[in-house]
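The structure appears right after this line, and notes come after that.
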Amino acid sequence: MSPEAFDAWTRSELAAVEDALSAWVPADAPAGLGAAMRYGVLDGGKRLRPLLVMAAAQALDGSRAAALRAAVAVELIHAYSLVHDDMPCMDNDVLRRGKPTVHVQFGQAQAMLAGDAMQALAFEVLTPDEGVEPALQARLVALLARAAGHDGMAGGQAIDLASIGRALDEQALRDMHRRKTGALLRASVLMGAACGRCSSVCLQALGDYGAAVGLAFQVVDDILDVTQASDKLGKTAGKDSDANKPTYVSVLGLEAARAHARTLRLQAHAALAASGLGGGAAVLATLADRVVEREH
């Protein structure tokens, strides 16, 4: 896929997702809650998870209406997790997406409530009264709930907090990030796939692709944490090393981490080749490339 075609596709899909987020995240929630919610999710972020949803749905000629709802829902879950992660009781950060974190801007109690409301809103978005078949609604809800819960993102964050100051081997680090970061990225691909028709072989391959991309994203994040400045990252650089958290750089070393990211990129492409989607997977392939190329 040419860079020009991919960039045009990305601009179009990002605009659609941003418009839907703006329409569905309420400004009029009581006592200023809507302002905190909108601050936490709008006007910032790479939107990788929604793009993965839309690309997978497109590859399988799936329902665009359902895919857009899935894209918004997964971004709401991701954004709520960042709001909570940044709070003093967890990662204690003051900068996110190039602006003060929600608890700095609105206070800790409002930030906690905004995250809670965004999580609930994600499942409300997935279950409209009409426009998405009930069976598909149930499938999307199940995929997102499992990826966000104890066996996914929340469980990974628990391991992360429990690992401060501890030496983890690569297998333990991989398991933590498979849950904390990878589960939601993998679910994004599978939610997009659920909006279309997908054989069991194709579904397995797309799951493998999502797992590889999810881990690659975290490896590159760990690399960027030690190689780029806060103003470029949009968040506090060096935070993990300062907090004595295990990362792919601390466990493997910088060059080995870079090599691992390249290997995961190859695994993602191999999974797409096994999916049988052929040229229909071009956007997904380019997204895997862009995840790994973020360092450059």
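Summary table
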| item | result |
| --- | --- |
| Value of [θ]222 nm, deg cm²/dmol, for the chain, DSSP H segments ≥ 4, -39500 (n - 2.57) each, nearest 500 | -22000 deg cm²/dmol |
| Max mean-square fluctuation residue, GNM over the chain, Cα-Cα springs under 10 Å, options V41, V132, V74 | V132 |
| Stretch gain in nm, segment A259-L161, where the contour uses 0.36 nm per residue and the Cα spacing is subtracted | 32.6 nm |
| Heavy-atom surface of the chain, accessible at 1.4 Å and reported per residue (Å²) | 43 Å² |
| Karplus-derived 3J(HN,Hα), 6.51/-1.76/1.60, for each residue of the stretch 254-263, Hz, glycine and proline x | 4, 5, 5, 5, 4, 5, 5, 4, 5, 5 |
| 3J(HN,Hα) from dihedral phi, the stretch 157-166, Karplus parametrisation 6.51/-1.76/1.60, rounded to Hz, x for glycine, proline | 5, 4, 5, 4, 5, 6, 9, 4, x, 9 |
| Ratio of Rg to Rh over the stretch 1-105 (Cα coordinates, Kirkwood Rh, two decimals) | 1.02 |
| Accessible carbon and sulfur surface of the stretch 38-151 relative to its total accessible area, %, 1.4 Å | 52 percent |
| Charge context of L76, other residues only, Cβ under 11 angstrom, K/R +1, D/E -1 | 0 |
| Additional length obtainable on full extension of the chain from V226 to A35, 0.36 nm per residue less Cα span | 65.5 nm |
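The values are calculated or read from the model by the stated rules, or taken from the named source; none is laboratory data. Quantities reported herein were computed from a predicted structural model and do not represent experimental measurements. Please note: Cβ atoms are built from the backbone with ideal geometry, for glycine as well, and neighbour counts cover all protein chains shown. Calculation scope for accessible area: heavy atoms of the full protein, side chains included, ligands and nucleic acids excluded. Shrake-Rupley method; radii C 1.70, N 1.55, O 1.52, S 1.80 Å.
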